[in-house]
1. Having 1 or more residues that are buried (at least 24 other Cβ atoms within 10 Å of the Cβ), at pLDDT 95 or above and among the small types (Gly, Ala, Ser) is the bar; report the strands (runs of 3 or more DSSP E) wholly within segment 339-405 that clear it.
2. Please pick out the residue among LEU129, LEU122, LEU153 that is of a type outside the set (Phe, Trp, Tyr), closer than 23 Å to ARG380 by Cβ, touching a Pro at 6+ places or on another chain (Cβ under 8 Å) and not assigned by TED's automatic domain parsing to the domain that holds ASP347.
3. Return the residues of segment 45-73 that are among the hydroxyl-bearing types (Ser, Thr, Tyr) and at pLDDT below 95; say none if nothing qualifies.
4. For the condition within 30 Å of ARG132 (Cα to Cα) and out of contact with any strand residue (DSSP E or B) (no Cβ under 8 Å at 6 or more places or on another chain), what is the one hit in PRO57, PRO114?
5. Considering only segment 172-195, how many residues are without any contact (Cβ under 8 Å) to a residue 60 or more places away in the chain and under 14 Å from the mean Cα position of the chain (by Cα)?
6. Within segment 137-151, can one find any residue that is in contact with a Lys or Arg (Cβ under 6 Å, 6 or more places away or on another chain) and assigned to a helix (DSSP H, G or I)?
7. Please find, among ALA110, ALA90, ALA80, ALA105, the residue that is assigned to a loop (DSSP other than H, G, I, E, B) and buried (at least 20 other Cβ atoms within 10 Å of the Cβ).
8. Just checking, does segment 203-222 include any residue being out of contact with any Lys or Arg (no Cβ under 6 Å at 6 or more places or on another chain), part of a strand (DSSP E or B) and more than 21 Å from LEU153 (Cα to Cα)?
Amino acid sequence: MTLALSRPVPHTLPRVVGADLTVPLVDGRWARYCDLDCAASAPALESVAAHVAQVLPYHGSVHRGAGWTSKVCTALVENARADVARFVRARAEDVVVFTRNTTDALGLLARAVPGPVVTLDLEHHATLLAWRGGSGGAEHRVVRAGRSIAATLDALRAELAARPDAALVAVTGASNVTGELLPVAEIARIAHAAGARLCVDAAQLAPHRRVDLAGWGADYVALSGHKLYAPYGAGVLVGRRDWLDAAEPHVAGGGAVRSVGVTADDAVDGPGCTVTEWLPAPQRHEGGTPNVLGAAALGAACRTLEDLIDDAVPAHERELAARLRAGLATVPGLRILSCFDDGPGADRTATVSFTLGELPAGLVASALSAEYGIGVRDGRFCAHPLLDRLTGGGDAVRASLGLRTGSSDVDRLVDALTDLARRGPAWTYALVDGRWAPTPDPRPADPFARDRELPAVPGCGD
């Protein structure tokens, strides 16, 4: 089997860092890395990396410094805020709060929501778990999704009608397991008709389709930079200001408060700290020195993708996803997972999860990496209730495509899975600390060790 280079993506699509990376295989060969794990973390765009390198010398404090570099860094953060708002089609009155990631953004909203929260059972854990211990211990209700989108919406309506005190409905825009899209605008109408607001977890949607906060009529959206072709460490919560201005600060500290004092020595409990006035959002929830580079990188990614996300990106991914699903259908014993029975015509992102006969998902993923140079995900994808339904609690394998993916990447995966289905792994594997791993594994364990040089990277082997 030949480990071919990927066909170049259309010229209208931007390049990512590491597009030509080669990785070692257990048999001593090297192969161009086939990254089919973009749903977990997408590689940074070259334009984003260049922007970070350009701004890195301008190192200064943000918002309160008089020096020139401080002014530059302040402008970087605030301009990135505007770039994100534009990218998600925020309303003029919406606020953009920088966070660490989607999980952090939803945790922030959980501190602000004033009443019960309703979610579906197919959500990522970031959406399922955020509301535990939220403001005032808000009640969390989970609605079991139906076997069709229509049945799921009916179940959501029934829950909101039966207990009409919900303050917020929180749903994903696209499943991180199956790629299936939810009708966000329709869910917004259902939530609003019941007197609730809608928050959309757009971590899996934003890299593939337009996020349209105003057009949907949604109230909040959360996403992560590291899934949107920016480096790790920055996310956002975008949405209506009133709850955020009324909430306790997500991170209390410098920059979040207008005035701080100390109580008198003769106070009942002795002297202590008192806050005269918290600042409004976003500063209220961004205490401490912000992640300037993370915000700048996220803003740069939004700028690069702004003119591509409506047409070029979906067209690229739909072609490849159709090729992938058709190829997977030919692999003996492979079963593709779906949340709904709405048929192959339903719109999806380029994310596919599957099981392969009796082979453990972790063994399949490890063999794909060690023997073929293909990176996928295995496990239950931080969506345990959904996997309980789809696999009976077992693990699955997930392949997720992105801007880096070419048609030969798809073909490599299909060929490799066909090999594994027919002949099984060619190497020996064992469970090591609960994970399947090659035994032995001759590949360098830590190529960044300080006491040696990076290993040579030869060309792709045959």
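The values are calculated or read from the model by the stated rules, or taken from the named source; none is laboratory data. If you're wondering where the values come from, they're calculated on a predicted model, not measured in any experiment. Backbone-built Cβ (ideal geometry, glycine too); neighbour counts: all protein chains shown.
1. Once the strands (runs of 3 or more DSSP E) in segment 339-405 are filtered for at least 1 residues that are buried (at least 24 other Cβ atoms within 10 Å of the Cβ), at pLDDT 95 or above and among the small types (Gly, Ala, Ser), what remains is 351-356, 396-400.
2. Values: LEU129 fails: touching a Pro at 6+ places or on another chain (Cβ under 8 Å); LEU153 fails: closer than 23 Å to ARG380 by Cβ.
None of the other options fit; the residue is LEU122.
3. Filtering segment 45-73 for residues among the hydroxyl-bearing types (Ser, Thr, Tyr) gives 47, 58, 61, 69-70.
Answer for segment 45-73, where residues must be among the hydroxyl-bearing types (Ser, Thr, Tyr) and at pLDDT below 95: TYR58, SER61, THR69, SER70.
4. Values: PRO57 fails: within 30 Å of ARG132 (Cα to Cα).
None of the other options fit; the residue is PRO114.
5. Looking only at that region, the number is 2.
6. Of all residues in segment 137-151, those in contact with a Lys or Arg (Cβ under 6 Å, 6 or more places away or on another chain) come to none.
Within segment 137-151, none of the residues are in contact with a Lys or Arg (Cβ under 6 Å, 6 or more places away or on another chain) and assigned to a helix (DSSP H, G or I).
7. On the way: ALA110 fails: assigned to a loop (DSSP other than H, G, I, E, B); ALA80 fails: assigned to a loop (DSSP other than H, G, I, E, B); ALA105 fails: assigned to a loop (DSSP other than H, G, I, E, B).
Going through ALA110, ALA90, ALA80, ALA105 in turn, just one is assigned to a loop (DSSP other than H, G, I, E, B) and buried (at least 20 other Cβ atoms within 10 Å of the Cβ): ALA90.
8. Yes, there is a match, as at least one residue in segment 203-222 is out of contact with any Lys or Arg (no Cβ under 6 Å at 6 or more places or on another chain), part of a strand (DSSP E or B) and more than 21 Å from LEU153 (Cα to Cα).
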